[in-house]
Amino acid sequence: MKNSFFLLAFVLLFACSPAETTIESDETSSTSLSLTQNVMPDSLLRHVVMFGFKETSSPEDIDLIVKAFNELPSKISEIKGFEWGVNSSPEGLNQGLTHVFTVTFHSDADRDTYIPHPAHQEFVGLLGPHLEKVTVVDYWTIK
């Protein structure tokens, strides 16, 4: 019974440990070690962008815009997460907004770097002639 308790405690401790832990040695001393953990912040900054496209924009135009938006995370290191989709709500309350993109940042400073970044501005230039409506909402996640 006593052994079962210790085994359970060990399993719980192991299950609650960080997923990614690395130990790096200090090159100036073989005995000096530092523990570095990859830790997610307690809260994330979500930048939600919703587009409605002009009727004159072809499906190929829209596909090109989506592809260009998808490429931004590889060009802007401050982007920590990205996802997108097309409205599928049966409620009919989207007010002409059809495409939703969520860009995740770890700080206001990361978002503030993203907005004027040349790759983002190039994307905005590509998007502009096809944009009928846009809504942007930023929020910090609450856990």
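The values are calculated or read from the model by the stated rules, or taken from the named source; none is laboratory data. Remember, it's a predicted structure, so these values are computed and weren't measured experimentally. Note that we place each Cβ from the backbone using ideal geometry, even for glycine, and neighbour counts take in every protein chain shown.
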Please give the strands (runs of 3 or more DSSP E) falling wholly within the range 1-91 in which 3 or more residues are at pLDDT 95 or above and touching a strand residue (DSSP E or B) at 6+ places or on another chain (Cβ under 9 Å).
-> 45-53, 81-86
Looking at the range 96-140, which of the residues that are touching an Asp or Glu at 6+ places or on another chain (Cβ under 9 Å) and hydroxyl-bearing (Ser, Thr, Tyr) is farthest from Ser74 (Cα to Cα)?
-> Ser107
